[in-house]
Structures are given as C-alpha cells and as structure tokens.
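The values are calculated or read from the model by the stated rules, or taken from the named source; none is laboratory data. Not measured: the values here are computed from a predicted model. Don't worry about glycine lacking a Cβ; one is built from the backbone with ideal geometry, like all the others, and counts go over all protein chains shown.
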Amino acid sequence: MRLANLFATGALLFGLLLVGCGSSTGGKAPTDGGDQTAPFVGAWGFMSGSFQTDCTPAIPSFDLTGDVMNVTKDDGTHIVAMFGAPNLMCFVKCTVDGDVANAEPGQTCGFDETVSVGGSTPTPVSISVALSTWTLSVSGDVMNLTSTGTGNADNVILCSPVAVGTATRSADGGSGGSVIPVDGGDGG
C-alpha cells in the first residue's frame, strides 16, 4: 500500500512539474494565448516621423505624419509591415520577440523622386534601399519605428536613409494609406 501511495505522489509531483514548465517566451508573456504578433497587428497612423534620405546628390526628406502603416500576422512570431506613402514603399517581414519586431535579413524599401544630376534635366528615379535595421516597438496603442539602410539608383545617386516615427493604432481598423510592395509582395 505504501508503494502505491509513493508512486501516486511521485506521479502527481511529476505532473505538476510538467505543468510548471510550459512553453516560454523568453520572459515576455504573449498577450493572447501565445500569439506574440497580436500587439502589432492593425493599421497604425503616424502622428510624427520622417524619412531622412541623406542622398548624394541631395534629395528632399519625407514627413511621415499622417501616413498609415498596415501590419498583418504572418504566423505566431512573424508580422509583415506594409507601408505605402507618397514616394515611399515598404513591404517588410519581421520577427517578433515580446514588444519588439525586427526585420529579417534581405528586406528592402524603395522611394521615388525627381532629381537633376549635374544640372541635367529633372528625371524621375526609383531608389532601392537595402535595410540595415527596421525595428518596431509597441506599447499599448503606440508604436515606434526606427530604420536605417543604404540605397542607390544606378550607382549615380547614393543614399544612407534613416526613418524614425511614432504611430498610434487606428480606431477604424485601418482605412487609408496605399500599400505598394516593391519586391513583388513576397516579403524578401
């Protein structure tokens, strides 16, 4: 009888140990049953921000205020940020870790501008930007964006753009803002 009680007690303790060792999220609790993407998903309207082109020859920077970024869930730990503003297009797949999401390697954005090089006739150009960093951090209904990269157009126009901005979650679920993937929509 004692052996049966000892076995039952051991089984109970083992079961409790297993329950206590459930899945971990690196100390950062997911907000909805294990889906780390939920805090990011939605439409985000920029209340401030800029895209500093830092190009040679000089190209004007863009104000992000009023633009919309749409974020969708790819899977339980990945999101896709789609941003289409006048002259600026991004389709960026990110890995989520708690309240921060970082772009996966090989992501690009692009922007269009009309420039004159060496006094030439103004010409429309498209500049592809290889992202060095793209970080989204979220706290409640506020999201911050920081991004850096390098870009060029036919090795004539060279850029080292920096983007920063603060956005709030849209109450309407996100109408507005055009979304134009620059890489065929496959996120990379």
- Among residues of region 141-159, those that are under 17 Å from Asp97 (Cα atoms) and free of Cβ contacts under 8 Å to residues at least 12 places away in the same chain, counted: 0
- Is there a residue in region 39-48 that is at pLDDT 90 or above, surrounded by 14 or more Cβ atoms within 10 Å (Cβ to Cβ) and among the hydroxyl-bearing types (Ser, Thr, Tyr)? no
- Note on the structure: By residue number, the members of region 77-106 that are at pLDDT below 95 and crowded, with 24+ Cβ neighbours inside 10 Å are Phe83, Cys90
- Item | The listed residue being among the β-branched types (Val, Ile, Thr) and touching a Phe, Trp or Tyr at 6+ places or on another chain (Cβ under 6 Å), out of Thr123, Thr53, Thr65 | Thr65
- Item | Looking only at region 85-109, and only at residues there that are of a type in the set (Gly, Ala, Ser) and assigned to a strand (DSSP E or B), the one that is farthest from the chain's Cα centre (by Cα) | Ala85
- Return the residue satisfying two criteria in turn: it lies in region 110-160 and is part of a loop (DSSP other than H, G, I, E, B) and among the hydrophobic types (A, V, I, L, M, F, W, C), and of such residues it is modelled with the lowest pLDDT. Val117
